[in-house]
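Colleague: Handing you this structure, nothing more for now.
The values are calculated or read from the model by the stated rules, or taken from the named source; none is laboratory data. This is a predicted model, so every value here is computed, not measured. Cβ placement follows ideal geometry from the backbone for every residue including glycine, while neighbour counts extend to all protein chains displayed.
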Amino acid sequence: MHDLILTTFDWVPEAPRGYVRDLRARWAMEEAGLRYRIETVAFQERGAAHLAHQPFGQVPWLVDGAVSVFESGAILLHLGTYSETLLPTEPKRRAEAISWLFAALNSVEPPVLATAVFGFAGDSKQTPGRKSLDAFLQGRLADMERVVAGRIWLAGAFSAADIAMVDALRVADRFAGGLDAYPACRRYVARATARPAFVKAHGDQMAHFAAADQARKDRPQDPDAAATTQTRTGELT
Ligand SMILES: N[C@@H](CCC(=O)N[C@@H](CS)C(=O)NCC(=O)O)C(=O)O
């Protein structure tokens, strides 16, 4: 296997730290015991080299030899080819893990993110569209509450599906109204984030951005440094 290189931003504002999606890949590689290194790309400026790896000017992406993979879900699937811990080989269990991975990214994360975008914009107007988004999100969370009340992990043993789902639920908890009404989801997130691989991945991401702050302090002030969490695509930074 080649050295795995995970790219994230060289710096992000305070609010999204601990939630930047390189966390998913870091967490997966820690779970799988894979060796990797971190490279960075400028947060302030999304150039052609960046867009060649990630067409939306976002992070993360993973380089594995000649292969470059973007989208955190695709990265999780790619890493799953190296690790039974991330993606079981037994066909039934594998299908279950893949289904739940897509469910996290396709069924749960979209209303979480849409709700978070309203929060970032400071828009709390209860328009008909907003009410139906709220109902959509609460419906998905209620479904997840039922699911995780009855099992420890989504696909039998812990898998990449749990990384994606737990991270989507963490974002719901922090940026989209919280999980107070969903105690089983809270317990599920707590058990996943107590795993040593998560603790290491999260700590490393926080340390990475703390080091970036220090590096900024040590060099002359950049007038563009007053970035906000409102990004080009309106997504979490
Ligand atoms: N669907 C993408 C989303 C990636 C994404 O939202 N990345 C954020 C960091 S968590 C980002 O790059 N934000 C900056 C921007 O959107 O301009 C994935 O899962 O990899």
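Colleague: Taking the options 201, 157, 197, 168, name whichever one is more than 14 Å from residue 24 (Cβ to Cβ) and at pLDDT 95 or above.
Modeller: The match here is 157.
Colleague: Considering only residues that are in contact with a Leu (Cβ under 7 Å, 6 or more places away or on another chain) and part of a helix (DSSP H, G or I), look in region 145-170 and name the one that is nearest to residue 18 (Cα to Cα). Walk me through how you get there before you give the answer.
Modeller: Taking region 145-170 and keeping what is in contact with a Leu (Cβ under 7 Å, 6 or more places away or on another chain), we get 159-165, 167, 169.
Still in the list and also part of a helix (DSSP H, G or I): 160-165, 167, 169.
Numbers: 160: 18, 161: 19, 162: 17, 163: 14, 164: 14, 165: 16, 167: 10, 169: 13 Å.
Selected residue: 167.
Colleague: Taking into account only those residues within region 33-74 that are of a type in the set (Asp, Glu) and modelled with pLDDT of 95 or more, which is farthest from residue 101 (Cα to Cα)?
Modeller: The extreme case among them is 39.
Colleague: Whether any residue in region 129-137 is over 27 Å from residue 70 (Cβ atoms) and in contact with a Lys or Arg (Cβ under 9 Å, 6 or more places away or on another chain) is what I want to check.
Modeller: No, because not a single residue in region 129-137 is over 27 Å from residue 70 (Cβ atoms) and in contact with a Lys or Arg (Cβ under 9 Å, 6 or more places away or on another chain).
Colleague: Let me ask you something else. Does residue 109 satisfy the criteria of being surrounded by fewer than 18 Cβ atoms within 10 Å (Cβ to Cβ) and part of a helix (DSSP H, G or I)?
Modeller: On the way: surrounded by fewer than 18 Cβ atoms within 10 Å (Cβ to Cβ): no; part of a helix (DSSP H, G or I): yes.
No, not satisfied.
Colleague: Okay, moving on. Within region 35-54, how many residues turn out to be within 28 Å of residue 83 (Cα to Cα), among the basic types (Lys, Arg) and part of a loop (DSSP other than H, G, I, E, B)?
Modeller: 1
Colleague: Kindly indicate the residue of region 32-78 that is among the charged types (D, E, K, R) and closer than 21 Å to residue 2 by Cβ and also nearest to the ligand (Cβ to nearest atom) among those meeting that condition. First the steps, then the outcome.
Modeller: First pass over region 32-78, keeping only residues among the charged types (D, E, K, R): 35, 37, 39, 45-46, 64, 71.
Imposing the further condition that a residue be closer than 21 Å to residue 2 by Cβ reduces the set to 35, 37, 39, 64, 71.
Working: 35: 22, 37: 19, 39: 15, 64: 16, 71: 5 Å.
Going through the qualifying residues, I end up with 71.
Colleague: All but one of (1) at pLDDT 95 or above; (2) surrounded by fewer than 21 Cβ atoms within 10 Å (Cβ to Cβ) hold for residue 150, so report the exception by its number.
Modeller: With respect to (1) at pLDDT 95 or above; (2) surrounded by fewer than 21 Cβ atoms within 10 Å (Cβ to Cβ), residue 150 is out only on (1).
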